[in-house]
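The values are calculated or read from the model by the stated rules, or taken from the named source; none is laboratory data. Here the structure is a predicted model, which is why all the values come from computation and not from measurement. Counting neighbours? That spans all protein chains shown, and the Cβs are built from the backbone with ideal geometry, glycine included. Ligands, DNA and RNA are stripped out before the accessible areas are found, and what is left, the full protein with its side chains, is counted by its heavy atoms. Shrake-Rupley method; radii C 1.70, N 1.55, O 1.52, S 1.80 Å.
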Amino acid sequence: MTGDFITSSSRRVEELGEVLGGLKSKFGAFACLGNHDIWNQPHRVRVALERHGIRVLTNEHSRVRCADGEIVVAGLDSVWGGYPNWAKARRGLKGDDRVLMLMHEPDYAEILTKDASIVLQCSGHTHGGQVRVPGWGALILPRYGKRYQAGLYRVGPMQLHVNRGIGTVDQHVRFWCPPEIACLEVTNIGRF
């Protein structure tokens, strides 16, 4: 989960944590916080998520055993609301580790692509623009979300997926930009 669990009030974040805690995964549930979470009581958001079994990763990583190996899930702080620190998050990585990165703002992929251990960055932030014009794209995009609007991209050696999410910000409208809960299948295809 890639952040912005709230817009401006954390009043109902416990209810949201309970709903999201209902997601079941045999490998665990992970999240990073978005700029709105950090601007509006990030501690309360983190506690509500973690109370319901969702591990919030902030400039850190976790090893997840799956199949015959493991994958590293890392999460960074929001660029706009916090202080992302990949050097801190990557401490303890092994040379052949592959990292699935949770990073709220998609444009940060331009920086993260320099590290070949990151094979996939999952982001949100843009809401896909909320209002899109066919043949043109999004009318308005947020800071740090202008280059990659929605969908799957190749950025250097890594893949980037930008989820449109289910909510809205500012104007509560969507046009040619339906809400989305993305399910990605990650497959190990061998060494780099």
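Note: relative contact order over the chain, using C-alpha pairs below 8 Å and six or more positions apart, is 16 percent. Placing +1 on the Cβ of every Lys and Arg and -1 on the Cβ of every Asp and Glu, with nothing else charged, gives the chain a dipole about its Cα centre of roughly 140 debye.
Entry comment: accessible area of the stretch 90-137 is 41 Å² per residue, from protein heavy atoms only and a probe of 1.4 Å.
Estimated at the nearest 10 Å², the accessible area of PHE5 is 40 Å² with a 1.4 Å probe.
Considering only LYS26, LYS88, LYS114, the mean-square fluctuation computed in a Gaussian network model of the chain, springs between alpha carbons under 10 angstrom, is largest for LYS26. For the stretch 128-133, backbone phi angles converted through the Karplus equation (6.51, -1.76, 1.60; θ = phi - 60°) give residue-by-residue couplings of x, x, 6, 10, 10, 9 Hz, Gly and Pro being listed as x.
From the alpha carbon centroid of the stretch 142-183 to that of the stretch 9-44 is 19 Å. Taking only protein heavy atoms and a 1.4 Å probe, the accessible area of the chain is 55% carbon and sulfur.
With R₀ fixed at 22 Å, the C-beta to C-beta distance from GLU15 to GLN171 puts the FRET efficiency at about 0.40. In order along the stretch 107-117, the Karplus-derived 3J(HN,Hα) couplings, from 6.51 cos²θ - 1.76 cosθ + 1.60 at θ = phi - 60°, round to 5, 5, 4, 4, 8, 5, 5, 6, 9, 5, 6 Hz, and Gly and Pro are given as x. Of GLY124, GLY95, GLY75, the residue with the greatest mean-square motion in the GNM of the chain, using alpha carbon springs below 10 Å, is GLY95.
Taking each DSSP H run with n ≥ 4 as -39500 (n - 2.57) and averaging over every residue of the chain yields -4000 deg cm²/dmol at 222 nm.
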